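The values are calculated or read from the model by the stated rules, or taken from the named source; none is laboratory data. It should be emphasised that the depicted structure is a prediction, and the values quoted were computed from it without experimental measurement. Using ideal geometry, Cβ is built from the backbone for each residue, glycine included, and neighbour counts are taken over all protein chains shown. Accessible surface areas use protein heavy atoms only, side chains included; no ligands, DNA or RNA. Shrake-Rupley method; radii C 1.70, N 1.55, O 1.52, S 1.80 Å.
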Amino acid sequence: MLAPGTMGDQRDSLDFAAFNLDPALDFSGNVTLSDGENVEIQSVFTLLQEELKIYTPEKVTEITSVGAKTLKSLAHDLYTIKPAMIVEGGGTNHWFHNDINNRSMILLMALTGNVGKSGSGFNQYTGQYKVWLSGLGKYGMILKARPQNGTLFVWAHYDAQLWRLGKNFPELATAIEKGTITKLPNGVAVSADPKTGWAYNYYLLIQSLAKKWMPVYPKPPKRPKAMIIWRANFLNQGKSGHRTKEWFADETLLELIVNIDFRVTSTGLYSDVILPAATWYEKFDIETTPMHPYLQAQSACIKPLYESRTDFDIFKDMTRRLQDESKKLVASGEWNGKWNDTEKKQVIDFTTIYDKFSAGGKLETDVQAVKFILEKSPMMYPNPDEYRQNKKAFAPEMQKLIEGKLFTGDVSGYLDGLIELIKEAPIPFPAAQYKRPLVPFAENVEQKLPWPGGGKLASEKVEVAPGVKMPKLYAKKFLGMIAPKTLTGRQQFYIDHSYFLASHNELPIYQEPEYDLLPDGKTPAPLKFNSPHGRWGTHSTFRDIDVLLRLQRGEVIIMMGTEDAGTRGIVDGDVVSVFNQYGRMVCKVKVSPDSPDLVLAPPSPIFPMKITYEP
């Protein structure tokens, strides 16, 4: 019998009381299945308790250096103080095993009843993203693209160089299983034997690519030949930076590098073509952040200087030139102008690519592109019934737009009005205005709906204007493509998946850290080597301006903990050699009491480039 709210159950409710059910969270014993088979089972909560038994406050102190008394006090406060919230910064989730870090914090909130209530939950501080604007994903050309994970792209092509083996992903997985491939082109071992540690992990990674769980393009035996890099210092941000640099410097590997940016970064130094882009103060654009429910605009203070152009204008012109050249090749009989994308089962016609990018000429300016995104974004449309009940929560100018434009069917005029408002100041999202303060998953908790999308309600819509329908559930408005529900219909903290079971990651519990090796490739390095966020700039942006240069030492440094430095006879300002299996660098030391491990600061104040060595 399926539990209420689980996948396949039609009741679509987590209200156990309504079905006279009282789940046994803590259970270990035998049960009889529907086919008569008797099996031994253990509840996830029971399993979690058993896994955590060894982690006494004293044991955790040994691992973390946080005092047992502090740990007990924190645990007591988290259990007794309601509501409680965890706000994660842009750092914890960057570390190895970051998924377990996040799952652990989410689990703490669930165990203490701090989900779906005002002032509670697991929240994250992060930067400016268009996370609320799901209309961006409805832009036709984006849907036809091949999004992929940048770190995985670099590993597969630049580091492991799987294309050199002349096989596709399924063939590679099979060859590893048969033992005909035991090393990858970069020299690392690979094996289908679970006892071989990282060699087995690499096999699992290749197997996942073979099963299309994660996308990488182009697929081996093909390899990248060109890169168009937009608004990113890829040489800085791409993992395995030493491999990326090799590719950037070798025209037999990467034949063309196009860099779209407003600065000449280290990526720009290796680029064949730099297309100068407008800065934030030379264009009109929209921004949002997961931290607050406001729509804000970037307005042009001045026109783009010299040859620089806005991002949208650059891409629009690129598609126009591609279309024009494609038509010439078709006319000369050299090409049919089409590319058959067998992976996504679509045909891209380059003779019409500009027409599609500009929506038939309707999207010619940045403002028109913004309007398109807002038009497709459910967060722009308040639920009519809820609006009327909470009308006083809206500013007079918003009431005028909603009642005088939106509800009369003039959606275009409504959106034009919104754009004019955000040119003056940020505005709350109309769909969120009367729900502030926003509480993630409040609907799931209050209405006892399946996680995360509400089950059947995920597909229900409400008419917000004549002929315009948007999702009824608030979560579906801003999370867009979330699934209607998980396998259990709840937040799942036990992942019953072969990969997670093999790596003992099925529950969010402590994992032993990985260690880099010394140059002999065998001896574990005595110190950790990390590259955290720099403190004197916005990532690598603007770090070379005078006011920020005055805040740092102006040269490459590493930060070393006071105790680590003392045991090695190192004092602040000493020049040291830092090395591991990947390479060596010479720089000065900054001794800091807040650095328990060896940490590398960005190596150049002029053209910063983080060097991150993955284990």
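General remarks:
- Output for the stretch 415-468, where each listed residue is charged (D, E, K, R) and either in a helix (DSSP H, G or I) or touching a residue at least 40 places away in the same chain (Cβ under 8 Å) (or both): Asp416, Glu420, Lys423, Glu424, Lys435, Arg436, Glu443, Glu446, Lys448, Lys456, Glu463
- Of the helices (runs of 4 or more DSSP H) lying entirely inside the stretch 305-400, those containing at least 2 residues that are touching a Phe, Trp or Tyr at 6+ places or on another chain (Cβ under 9 Å) span 311-331, 366-375, 384-389.
- Options Ser308, Ser326, Ser358: the member that is under 25 Å from Val258 (Cβ atoms) and touching a strand residue (DSSP E or B) at 6+ places or on another chain (Cβ under 6 Å): Ser308
- Ala465 within 26 Å of the chain's Cα centre (by Cα) and modelled with pLDDT of 85 or more: no
- Matching option when the condition is without any contact (Cβ under 8 Å) to a residue 40 or more places away in the chain, open to solvent by 60 Å² or more (accessible area, probe 1.4 Å) and of a type in the set (A, V, I, L, M, F, W, C), among Ala84, Ala68, Ala18: Ala18
- In the stretch 173-190, the residues that are under 17 Å from Lys219 (Cβ atoms) form Cβ pairs under 7 Å with partners that are in a loop (DSSP other than H, G, I, E, B) and charged (D, E, K, R), at six or more places apart or across chains, as follows: Ala175/Lys167.
- Just one residue in the set Glu334, Glu343 is farther than 30 Å from Met398 by Cβ and open to solvent by 90 Å² or more (accessible area, probe 1.4 Å); that residue is Glu334.
- Filtered residue count, the stretch 283-309, keeping only those that are open to solvent by less than 30 Å² (accessible area, probe 1.4 Å) and at pLDDT 95 or above: 1
- For the stretch 462-515, a residue qualifies if it is closer than 25 Å to Pro450 by Cβ and touching a Lys or Arg at 6+ places or on another chain (Cβ under 8 Å), and the qualifying residues are Val462, Glu463, Lys469, Met470, Pro471, Lys472, Tyr474, Ile482, Pro484, Phe493, Pro508.
- Residue match in the stretch 194-214 (condition: over 26 Å from the mean Cα position of the chain (by Cα), assigned to a loop (DSSP other than H, G, I, E, B) and either touching a residue at least 40 places away in the same chain (Cβ under 8 Å) or over 25 Å from Leu517 (Cα atoms) (or both)): no
- Filtered residue count, the stretch 227-282, keeping only those that are in a helix (DSSP H, G or I), touching a strand residue (DSSP E or B) at 6+ places or on another chain (Cβ under 8 Å) and open to solvent by 20 Å² or more (accessible area, probe 1.4 Å): 4
- Taken over the stretch 437-480, the criterion of being within 16 Å of Phe122 (Cα to Cα), β-branched (Val, Ile, Thr) and surrounded by fewer than 19 Cβ atoms within 10 Å (Cβ to Cβ) is satisfied by Val445 alone.
- A single entry from Tyr515, Tyr434 fulfils the requirement of being modelled with pLDDT under 85, closer than 21 Å to Phe96 by Cα and surrounded by 14 or more Cβ atoms within 10 Å (Cβ to Cβ): Tyr515.
- Sole exception among (1) within 21 Å of Thr342 (Cα to Cα); (2) modelled with pLDDT of 95 or more; (3) in a loop (DSSP other than H, G, I, E, B) for Pro170, by number: (3)
- Note on the stretch 148-177: residues that are open to solvent by 50 Å² or more (accessible area, probe 1.4 Å) and either in contact with a His (Cβ under 7 Å, 6 or more places away or on another chain) or aliphatic (A, V, I, L, M) (or both) total 1.
- As a summary of the residue check, Gly569 satisfies the conditions (1) surrounded by 15 or more Cβ atoms within 10 Å (Cβ to Cβ); (2) at pLDDT 85 or above; (3) part of a loop (DSSP other than H, G, I, E, B) except for the one numbered (1).
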